[in-house]
1. As an exercise: evaluate Thr184 against (1) surrounded by fewer than 18 Cβ atoms within 10 Å (Cβ to Cβ); (2) over 25 Å from Leu85 (Cα atoms); (3) at pLDDT 95 or above and give the number of the one condition it does not meet.
2. Specify the residue that is nearest to the ligand (Cβ to nearest atom); the eligible residues are those in the range 128-151 that are more than 20 Å from the chain's Cα centre (by Cα) and free of Cβ contacts under 8 Å to residues at least 12 places away in the same chain.
3. Any residue that is out of contact with any Pro (no Cβ under 9 Å at 6 or more places or on another chain) and away from the ligand (no atom under 16 Å from the Cβ) - is there at least one of those in the range 169-186?
4. Condition first: within 16 Å of Ile103 (Cα to Cα), away from the ligand (no atom under 16 Å from the Cβ) and surrounded by 18 or more Cβ atoms within 10 Å (Cβ to Cβ). Can you find one or more residues in the range 157-168 that meet it?
5. Here's a check for you: in the range 8-49, which residue that is part of a loop (DSSP other than H, G, I, E, B) and within 13 Å of Pro74 (Cα to Cα) is modelled with the highest pLDDT?
6. Within the set of pairs 6 or more residues apart or between chains, which connect a residue that is closer than 12 Å to Leu170 by Cα inside the range 107-127 to a residue that is loosely packed, with under 10 Cβ neighbours inside 10 Å and of a type in the set (A, V, I, L, M) with Cβ atoms less than 6 Å apart?
7. Return yes when Thr53 is more than 22 Å from Arg144 (Cα to Cα), within 13 Å of the chain's Cα centre (by Cα) and not acidic (Asp, Glu) and no when it is not.
8. Could you check, for the range 181-196, whether at least one of its residues is in contact with a strand residue (DSSP E or B) (Cβ under 9 Å, 6 or more places away or on another chain), touching a residue at least 24 places away in the same chain (Cβ under 8 Å) and over 12 Å from Ile94 (Cβ atoms)?
Amino acid sequence: MAFLGNDFIISSTILIVVIFSFLYIYRKKIFKAYYQEIDFDLFEKQIKEYLQTNHPKINFNYKIINSSQNELNPKTRCYTIIDNLVEQFINTDIDTNFTPRPISQNQLWDSYTFNAKPIGTKLPDDWAKRKMVVAVRDNNICQRCGIHTKPENIHLFLLKSIKDGGQFYLENLIIICKDCQKVTTKKDLKYLNIKDELNSFVQ
Ligand SMILES: [Zn+2]
């Protein structure tokens, strides 16, 4: 190195020190994805609160929170946790072995018994009426996941399916939400409201 001279060595050393100091000081800005500040405790609290309040009938297991600890990117960790919880939501079986609350006889209508018997795969003419009565009986609460559901998002679910001999009596009908309708029919599972809601807690 003698041919380069002392001045060069000193100035390059200073330059290297300056570059590394700069990288160190601004590391958070430079490696934004890895250092993005996330209040993880807040995220954990919010998702647990959300699920407990909105889907109390689903028994979520939170072990993914510990097992994802080694993920360096905090956002990736949050999305990994959300994916796991949504999977649990999808994979929870609907309980078909319970008896819904009874409805008093005077709430029933003339064609009620006649239309309760299925004819082929056709839904009864008074399907909308059945839906309304069952929604009131179930307090607009999805009987699979427990979310309070707006009338336009309510679906009827048959505890015993027609092919298994189920009929349209109100004892065989419960209401479920739009997400649970997608889960029970295995349709549009990519677009679940629960996923959007949980994603909204990732800042
Ligand atoms: Zn539901």
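The values are calculated or read from the model by the stated rules, or taken from the named source; none is laboratory data. Computed from a predicted structure; not experimentally measured. Glycine also receives a Cβ, built like all others from the backbone with ideal geometry; neighbour counts cover every protein chain displayed.
1. (2)
2. Going through the qualifying residues, I end up with Asn139.
3. Going residue by residue through the range 169-186, those that are out of contact with any Pro (no Cβ under 9 Å at 6 or more places or on another chain) are 169, 175-186.
Those still in the list that are away from the ligand (no atom under 16 Å from the Cβ) too: 169.
Looking for residues that are out of contact with any Pro (no Cβ under 9 Å at 6 or more places or on another chain) and away from the ligand (no atom under 16 Å from the Cβ), one finds at least one in the range 169-186, hence yes.
4. Yes, there is a match, as at least one residue in the range 157-168 is within 16 Å of Ile103 (Cα to Cα), away from the ligand (no atom under 16 Å from the Cβ) and surrounded by 18 or more Cβ atoms within 10 Å (Cβ to Cβ).
5. Of everything passing the filter in the range 8-49, Asp39 is modelled with the highest pLDDT.
6. none
7. no
8. no
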